[in-house]
Amino acid sequence: MKEITLNDGPKRKRRRDRSRTEGSRREGSREERHRRAEGLEQPQRTPGSERSRREGSQGRPGRYEQQPVKPELPKKKHSRTPLIVAGIVVLIMVAVYLGFGVYYMDRFFPGTTVNGIDVSGKTVKEVENLVANQVQDYVLRVHEKDNKTEQIDGADIQFEYVSDGAAQQLKYSQNSFLWINAYFHPQEYTMTTPTVYNKAKLKEAMEKLDAFDSDKVTEPKDAYIDETSSGFEIVEEVEGNQLDEDKVYELLCQAVTDGKTEVNLEESDCYLKPKKTSDNKKLKKKLASLQKYWDMTVTYEIGDASDVLDYQTFKDWMTVDSSGNVSFDWNHIADWIGQLADKYDTFGTDETFHTSLGETVTVTSMNYGWKMDEETEAAWLDETLKSGESATRQPQWLESAMARGEENDIGDTYVEIDITNQRMWFYKDGQCLVDTPVVTGDATKDGYETPLGLYCLFDKEAKAILRGADNLTGKSYNTPVDYWMPFNGGVGIHDAKWRASFGGTLYQGNGSHGCVNTPWDQAGIIFDNIEIGTPIVVYKSSINQGTGSVAISQPAETRVINEQGVEVSPESSAADTTTGTTTDTLSDPTSYTAIDGQ
């Protein structure tokens, strides 16, 4: 039989109370959830009230009074979830940031450009490949004059990229864990692209450019002075389009080495330029100098003739330096003066002469005629040309004549000696003052003949003493003459009072030593009217008139010459006639010798 315990009732009561409590709790919980949903705060329960409620339910009256039950609010707690979530987020972000940092350890940052190529996220190898691809497409554009452009392809010059680690060095400059900074500060890099090319191929490519085509090239030309019909003018320079080949080649080599894609030949001063332009100051000064000479003339007046030297003749003699200073070639000046002298000089030339007997003979000018002073004239002409001023000039002469004619320079005052007919004439101003027989040099003795030719009287002397020695015997002599007129050294015209006859054939065996022995009175007429410089024509006529000698009365010689060759008075001299005067009958010319010939 089951034992019943008396205190079982209270136990059941406690179970019922517990059930109510739990029910209340459940209701409280529902109420609490409801309040929470509505945003209301549940009041908290105190331990005392809960205990009183339980004791009351256990049947302990008199000890505790039943109190109304108040809902107990839950205790407020601090949540850690946000911190945990934040921490997780931070960790994720750090992991992502570090991940990108690791990613960019061998890649370039976003926004990075190298030589204008976008290399964002590219590895060094990829960047080098991009650069290599760019190099393969390399083209050098050559800008020329007149907006013309040509190009040289990299393939034509074997242009290739060669890595030298430059890209890697750029990557090293980027700290991979600072990758985020690149989004705000993109980086642009310029690196020298290491390349190689064939210089010989580059030169070949350069020479194939139209700019070097000889058919299309115009050489530069300097401005210059041109002669026109009215003077001179400056012709402007020609710029041309010819290039300095060495300079262009150097420019292209440097451009290819530097990886440049364009060059401008005009801006790089590669075109050859004229050295002298139309606004050149020195060129303008030269123009002024030349213009001055355009109208310049130098006129030489010689007799009735004149010779004009003008620009067309002397322009080839001129040198105008860069400063406009003018000089003349001395050899050209001397040559021109020489030609002028050849034209007008008669000294030493053959002259045509019309004799008194109507014959025309040719005589050679021995010491008579015109001979220009070429040295003086050349110096004068040089200075005159340098001055640039026109001038008129009568030249200086070393030798001159009494006249200037078309056939000869003898004129109408002269002495004419015909050896063949032993006859002499003297004309003054066309009038014959003397026509006389004479005795000339002995034609039978060597060296005694009177020399032929055209001479001039170079001296005259009254009361002269002819001193000398006989060429054959050596005997000296001192012969007085009243009129001495030399024309060829010691040969001259003089009176011969010791002769009694003249003309005929006396000169053949009884002639003089070369002088022209003349009757005393005729010699006096000539002496009184002749001037130094008068021409004396000596010739042999082809016509012999056959005239014999003529006796001519001569005055007695009154002058006495002693053995010392000094003239003394007749009173003081001895009566020895061999040392003094001669008589008309003396015929031996060897006894009386003039200087070089009596």
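The values are calculated or read from the model by the stated rules, or taken from the named source; none is laboratory data. All of these numbers come straight from a predicted model, not from anything done at the bench. With ideal geometry, Cβ positions are generated from the backbone for all residues, glycine too; neighbour counts draw on all protein chains shown. Protein only, heavy atoms only, side chains kept; ligands, DNA and RNA dropped before computing areas. Shrake-Rupley method; radii C 1.70, N 1.55, O 1.52, S 1.80 Å.
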| note | Conditions (1) surrounded by 13 or more Cβ atoms within 10 Å (Cβ to Cβ); (2) among the β-branched types (Val, Ile, Thr); (3) under 30 Å from Thr420 (Cα atoms) -> Thr360 fails only (1)
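Yes or no, residue by residue, for (1) open to solvent by less than 70 Å² (accessible area, probe 1.4 Å); (2) at pLDDT 85 or above:
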| position | (1), (2) |
| --- | --- |
| Trp520 | no, yes |
| Asp528 | no, yes |
| Gly548 | yes, yes |
| Ser553 | no, yes |
| Val560 | yes, no |
| Glu563 | no, no |
| Thr579 | yes, no |
| Pro589 | yes, no |
| Thr593 | yes, no |
| note | Going through segment 211-231 in order, the residues found to be surrounded by 13 or more Cβ atoms within 10 Å (Cβ to Cβ) and farther than 30 Å from Leu290 by Cα are Ala211, Phe212, Val217
| Which members of segment 474-491 meet the condition of being under 19 Å from Val537 (Cβ atoms) and assigned to a loop (DSSP other than H, G, I, E, B)? | Gly489
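If I ask for residues that are part of a loop (DSSP other than H, G, I, E, B) and touching a strand residue (DSSP E or B) at 6+ places or on another chain (Cβ under 6 Å), which ones from segment 535-546 would you list?
Answer for segment 535-546, where residues must be part of a loop (DSSP other than H, G, I, E, B) and touching a strand residue (DSSP E or B) at 6+ places or on another chain (Cβ under 6 Å): just Ser541.
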| query | Got a sec? Which strands (runs of 3 or more DSSP E) wholly within segment 305-388 have at least 2 residues that are closer than 21 Å to Leu457 by Cβ, in contact (Cβ under 8 Å) with a residue 60 or more places away in the chain and hydrophobic (A, V, I, L, M, F, W, C)? | reply | 360-364
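Looking at the structure I just gave you, is Tyr311 closer than 30 Å to Ile543 by Cβ and either open to solvent by less than 50 Å² (accessible area, probe 1.4 Å) or not hydroxyl-bearing (Ser, Thr, Tyr) (or both)?
no
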| task | Tell me which residues, restricted to segment 501-523, are over 19 Å from Gly441 (Cβ atoms) and touching a strand residue (DSSP E or B) at 6+ places or on another chain (Cβ under 6 Å). | result | Trp520
| note | The condition from (1) in contact with a strand residue (DSSP E or B) (Cβ under 6 Å, 6 or more places away or on another chain); (2) over 18 Å from Gln187 (Cα atoms); (3) of a type outside the set (A, V, I, L, M); (4) in contact (Cβ under 8 Å) with a residue 40 or more places away in the chain that Asp156 misses is numbered (1)
| remark: The one condition Ile543 fails out of (1) touching a residue at least 60 places away in the same chain (Cβ under 8 Å); (2) under 23 Å from Ser356 (Cα atoms); (3) of a type outside the set (D, E, K, R); (4) open to solvent by less than 10 Å² (accessible area, probe 1.4 Å) is (4)
| query | Which of the residues that make up segment 187-210 are open to solvent by 90 Å² or more (accessible area, probe 1.4 Å) and at pLDDT below 90? | reply | Glu188, Thr190, Thr192
| Answer from Val131, Val142, Val135 - the residue that is open to solvent by less than 70 Å² (accessible area, probe 1.4 Å) and either modelled with pLDDT of 90 or more or in a loop (DSSP other than H, G, I, E, B) (or both) | Val142
| query | Between a first residue in segment 485-496 that is more than 12 Å from Met424 (Cβ to Cβ) and open to solvent by 10 Å² or more (accessible area, probe 1.4 Å) and a second residue that is part of a strand (DSSP E or B) and of a type in the set (Phe, Trp, Tyr), which pairs have beta carbons less than 6 Å apart while being 6 or more apart in sequence or on different chains? | reply | Asn488/Tyr455
| remark: Of the residues in segment 232-244 that are of a type in the set (Asp, Glu) and under 14 Å from Pro220 (Cβ atoms), the one that is surrounded by the most Cβ atoms within 10 Å (Cβ to Cβ) is Glu237
